[in-house]
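Here is the structure we will look at.
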Amino acid sequence: MDWWDENIKFFRYYYSEKKISLAYQLVEEKMISCINPDHKLAYSTVLEQPVEKLLEAISDISKSETFADMHTFQDVFNTVFIDCASVLSHAFDVVFDYNQLIYKSPLGGKGYNFVRAYDVIELVSGAPQNISLEFFKESTLPRIKEFAPKILGISISSGFELVPAFTLAKLVKDSFGDDIHVTIGGNFFSRVEHRFRNAEPEKELYKVFWKWMDSFVYSKGDYALLKLVDCIRNNKEFKSVPNLVYKSGSSIIENDFEYGPSIDELPPSNFGSVLDQRDQYFVPPEYLTVPIYTSIGCSYAKCTFCAIDKMSGNFHGELSLKRENGIKFLKGKNGDKSLFFRQIDKIIQEISDIKSQYGIRYFSFNDETFDMDFAYQFAKEVIKQDLDIYWQAFARAEDSLTSPDFCRTLYQGGCRLLRIGFEYLSQDMLNQTHKGYSLNKQRLIVDALNEAGIWIHAYFMIGTEDDYENAINFFNNNTEFYELFHTLEFFSQVDDRHSLEKLQKLSKGLINNADLDVNFPQFRIWYDLYPRARYLVKNLRRYAQDHFLLYGHFYEPSEVAYFPVLNNLYGLNNLKQSLKKVSLETLKN
């Protein structure tokens with residue numbers, strides 16, 4: 001058994017000297033033949049950086065000395081992920097981001113929505129902009145043939161991975177047929193798996209995907225995948241595999257759901273050959289961040305807009321948090337229970353082993369929510385053992401984070417970054433979406449973490465007119481937050497309590513649910529509205545990928561209104577109009 005990170009291999013494939021040189025040549029040819037003066041200028045601008053500088057930056061970005069100086073790092077980073085990416089984007093008519101592809105030419109024209117079923121099918125079936133097809137044919141398929149597995153599992157953790165995942169699945173089925181069982185899983189796929197079950201009214205469309213996979217595992221997949229491997233190895237029927245949906249002739253069979261063993265019973269992560277090839281990543285090997293899971297599910301799970309916890313089965317209150325002898329459990333309605341947290345000593349041992357074997361000191365806790373009570377105990381144990389590590393995590397705006405002493409302990413225990421979903425600058429919106437905290441806690445949390453030296457990656461959602469002016473005033477009145485917050489993300493959002501009348505005021509374009517049936521809705525708001533035949537705003541289906549990254553210390557607050565990307569966002573389409581209510585003097589102050 002082995003597992004591969006094809007994402008980094010893909011980017012290394014296209015960021016190679018061969019591909020960068022080819023891209024340069026293609027852009028030059030386009031510039032010469034182009035008759036559109038704006039496009040010709042765009043191509044000319046892309047070619048301003050010499051190809052030698054691009055290749056040098058690609059080589060330098062993984063060197064330790066690059067990270068030793070922030071200005072050097074910023075220059076190299078920009079050259080690789082802006083200049084190089086721009087050359088590749090204009091050459092292959094696909095927008096390269098540092099961790100994703102957008103299937104649309106940077107100069108406009110036809111594009112593909114990578115979470116829209118019809119578009120996914122067209123891309124997977126060979127649309128020219130699916131450049132992962134070439135990579136899989138030349139790089140991945142030969143290795144699969146050599147490895148000769150009986151089962152290939154493909155994890156889809158985000159919507160960006162739908163196209164490459166099913167592209168690889170199709171290639172494997174076309175090349176090896178029934179010799180390799182292709183099973184799909186992952187966090188994102190667990191949120192959309194209902195689309196592929198027999199009961200879906202648009203199942204004719206989704207039958208196409210069943211040509212490219214033999215089964216999928218939803219929710220917790222560790223135990224299920226182990227059982228599936230055993231069945232394939234010993235030629236057993238699949239009916240004993242929990243959380244599995246699979247093909248049997250012309251039928252789709254759905255097995256029962258099980259919570260499976262507690263997370264504390266599972267072995268530590270096995271990163272296999274991935275960490276053995278850590279020099280392939282775009283950071284020095286010693287700065288590579290390793291993901292660790294310490295819990296399953298979300299201990300809160302009440303936010304109306306979030307469906308991340310669907311992965312763990314803790315969706316719409318299907319599980320409830322219990323405490324027994326000081327240990328947290330997730331307890332299901334049917335009496336099953338799964339341990340919420342791994343024991344701290346096991347986590348410490350796993351981290352110590354990785355550090356000892358690979359020299360890695362940076363870790364990311366990718367739990368759906370890193371409980372702060374647990375984080376505090378973990379930090380104290382790190383201090384006690386003098387482990388000398390650094391870590392980041394996703395967190396709620398919990399009361400404990402308002403305590404400077406609490407935050408200092410987290411810092412001393414290695415915490416350097418918390419990703420916190422503040423979400424709104426309006427108490428009314430916090431209440432409507434059941435966030436469960438008071439608006440006045442935001443500043444207290446920021447101050448406490450700032451004093452401790454912990455960075456904040458703050459998430460905000462702006463979806464009502466009332467919030468626009470609040471947001472602008474917030475950014476103007478708290479300019480010191482910009483360095484601290486690092487990134488501000490704006491998401492469109494609409495609460496299920498909005499009436500149709502309110503929705504009409506918020507968006508000019510409303511469409512019926514029938515037009516959304518061909519998409520992959522993934523958020524709780526869809527589950528709330530769809531059964532009641534409610535209307536959804538036009539771009540709700542793009543909730544996952546339409547966001548605006550604003551590095552506040554690079555831009556003035558008033559510039560928020562003028563970024564073209566805002567035109568792609570629901571709600572933020574109205575931002576310019578809303579900003580007219582805010583005086584220019586306010587924006588400049």
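For the reader, a short list of remarks on this structure follows.
- Sorting CYS407, CYS303, CYS34 by the number of Cβ atoms found within 10 Å of their own Cβ, with the fewest placed first, yields CYS34, CYS303, CYS407.
- Using a Förster distance of 30 Å, the FRET efficiency for GLN74-GLN427 (Cβ separation, nearest 0.05): 0.20
- Neighbour-count ranking [beta-carbon atoms within 10 angstrom, fewest first] of LYS435, LYS173, LYS53: LYS53, LYS173, LYS435
- Full-stretch length increase - ASP279, ILE383 - with 0.36 nm per residue and alpha-carbon distance subtracted: 34.5 nm
- Stretch gain in nm, segment ASP405-ASP38, where the contour uses 0.36 nm per residue and the Cα spacing is subtracted: 126.5 nm
- Hydrodynamic radius by Kirkwood, which averages 1/r over all alpha carbon pairs of the stretch 6-102, in angstrom: 13.9
- Counted over the stretch 117-258 with a bin width of 5 Å, the fraction of Cα pairs per bin, in whole percents, is 2, 10, 20, 24, 22, 14, 7, 2, 0.
- Two numbers describe the Cα atoms of the stretch 47-187: Rg and Dmax, which are 17.8, 53 Å.
- The alpha carbons of the stretch 9-65 occupy a box of 44, 22, 14 Å along the principal axes, longest dimension given first.
- Residues whose amide H lies under 5 Å from that of HIS457, counting only those 5 or more places away or on a different chain, are LEU418, ARG419, ILE420; hydrogens are built 1.01 Å from N in the peptide plane.
- Gap separating the Cα centres of the stretch 232-290 and the stretch 1-75, nearest whole Å: 34
- Here the simple spin-label model places points 7 Å from the Cα toward Cβ, and for LYS145 and ALA127 these points are separated by 2.9 nm.
Bear in mind these aren't lab numbers, they're just calculated from the coordinates by the rules spelled out. If you're wondering where the values come from, they're calculated on a predicted model, not measured in any experiment. Ideal geometry is used to build each Cβ from the backbone, glycine not excepted, and the neighbour counts take in all protein chains shown.
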